[in-house]
Amino acid sequence: MRTMLMTAAAALAAAWLVSGTFGPTALAQEKMVTFYLCLLVTPANPAKAPADPAQLQIDHLANLKAIMAGGKGVIAGPVAGDGRLQGILVLRVGSVEEAKALTDADPAVKAGQLAVEIHPWFAADGIMKPVFNPADLATYYFGFLKKGPAWTPERTPETQKIQDAHMAHLNESGKSGKLVIAGPLGDNGDIRGILVYKTATIDEARAIAAADPAVKAGRLAVEMHTWYVSKGALPWDDGR
């Protein structure tokens with residue numbers, strides 16, 4: 001599994017530093033597959049609170065469980081804190097339209113308590129396991145790699161140097177066992193890629209990501225969140 005991550009990290013690092021979009025054909029040789037990253041967020045204008053919030057949560061979790069059991073869900077879990085991002089669901093379906101149909105049917109979405117942002121995401125196959133047990137969760141740290149203040153689509157000797165150093169950093173982070181997943185988004189937006197860490201604290205995850213030469217150069221910026229997923233859904237689960 002760790003070897004798979006290293007191959008993926010080396011192949012995909014360039015994607016976060018250039019302006020083009022990326023598709024599964026170009027990445028097939030690295031055994032990458034297309035997932036759909038569904039960000040469950042607070043709507044800009046949430047509906048009135050439901051009469052029975054506890055029942056809505058039960059229905060929401062039941063819906064997630066059904067998606068996972070149906071073979072289209074890969075991993076799901078809540079995000080800590082009271083920010084806009086409430087949870088993350090990863091789907092393996094045929095299109096963004098199929099992903100939208102699934103998430104639009106969620107009771108919390110239908111009730112106007114959640115909205116969903118969907119991004120195609122390329123990651124190595126087989127790392128995430130469809131385990132869903134909201135009563136038994138492990139802590140991971142989920143990082144967005146976004147365009148930084150020094151972002152530019154230009155390809156120059158200097159950006160290539162940063163790219164090479166970025167790749168080396170991802171490889172070393174993976175070898176340490178602390179970087180669990182690395183992969184770019186495929187819609188060429190402000191979010192360039194996703195990193196998932198298994199570290200003792202969120203500050204440790206932030207420090208590793210901040211040490212990335214592309215982040216230090218300002219070409220990328222990091223936004224880190226505490227993410228809870230069912231134990232056994234991701235590698236290197238030590239029970240934290």
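The values are calculated or read from the model by the stated rules, or taken from the named source; none is laboratory data. All values reported here derive from a predicted model rather than from experimental measurement. Cβ atoms come from the backbone with ideal geometry, glycine included; neighbour counts cover every protein chain shown. For accessibility, only protein heavy atoms count, side chains too; no ligands or nucleic acids. Shrake-Rupley method; radii C 1.70, N 1.55, O 1.52, S 1.80 Å.
Scanning the range 47-72 for residues that are open to solvent by less than 60 Å² (accessible area, probe 1.4 Å), touching a strand residue (DSSP E or B) at 6+ places or on another chain (Cβ under 8 Å) and not in a helix (DSSP H, G or I) turns up nothing. Of all residues in the range 72-128, those satisfying the criterion of being acidic (Asp, Glu) and under 19 Å from Pro46 (Cα atoms) are Asp82, Asp104, Asp106, Glu117. Screening Pro213 with (1) touching an Asp or Glu at 6+ places or on another chain (Cβ under 9 Å); (2) open to solvent by less than 30 Å² (accessible area, probe 1.4 Å) gives one miss only, at (2). Residue check: is Ala182 touching a helix residue (DSSP H, G or I) at 6+ places or on another chain (Cβ under 7 Å), in a helix (DSSP H, G or I), of a type outside the set (S, T, N, Q) and open to solvent by less than 10 Å² (accessible area, probe 1.4 Å)? So Ala182 does not fit the description; no.
For the range 185-218, the tally of residues that are in a loop (DSSP other than H, G, I, E, B) and either touching a Leu at 6+ places or on another chain (Cβ under 6 Å) or within 24 Å of Ala150 (Cβ to Cβ) (or both) stands at 9. Among the residues making up the range 219-232, those that are touching a Leu at 6+ places or on another chain (Cβ under 9 Å), under 22 Å from Gly81 (Cα atoms) and open to solvent by less than 40 Å² (accessible area, probe 1.4 Å) are Ala221, Met224, His225, Val229, Ser230. Within the range 130-152, residues that are within 11 Å of Gly232 (Cβ to Cβ) and acidic (Asp, Glu) sit with their Cβ atoms under 9 Å from residues that are modelled with pLDDT of 95 or more and open to solvent by less than 40 Å² (accessible area, probe 1.4 Å), at 6+ positions apart or across chains, in these pairs: Asp136/Ser230. Restrict the check to the range 87-98 and report whether at least one residue is among the aliphatic types (A, V, I, L, M), within 30 Å of Lys175 (Cβ to Cβ), in contact with a strand residue (DSSP E or B) (Cβ under 7 Å, 6 or more places away or on another chain) and modelled with pLDDT under 75. The answer is no, given that none of the residues of the range 87-98 is among the aliphatic types (A, V, I, L, M), within 30 Å of Lys175 (Cβ to Cβ), in contact with a strand residue (DSSP E or B) (Cβ under 7 Å, 6 or more places away or on another chain) and modelled with pLDDT under 75.
Quick check on the range 60-74. Is at least one of its residues of a type outside the set (Val, Ile, Thr) and under 12 Å from the mean Cα position of the chain (by Cα)? No; the residues of the range 60-74 include none that is of a type outside the set (Val, Ile, Thr) and under 12 Å from the mean Cα position of the chain (by Cα).
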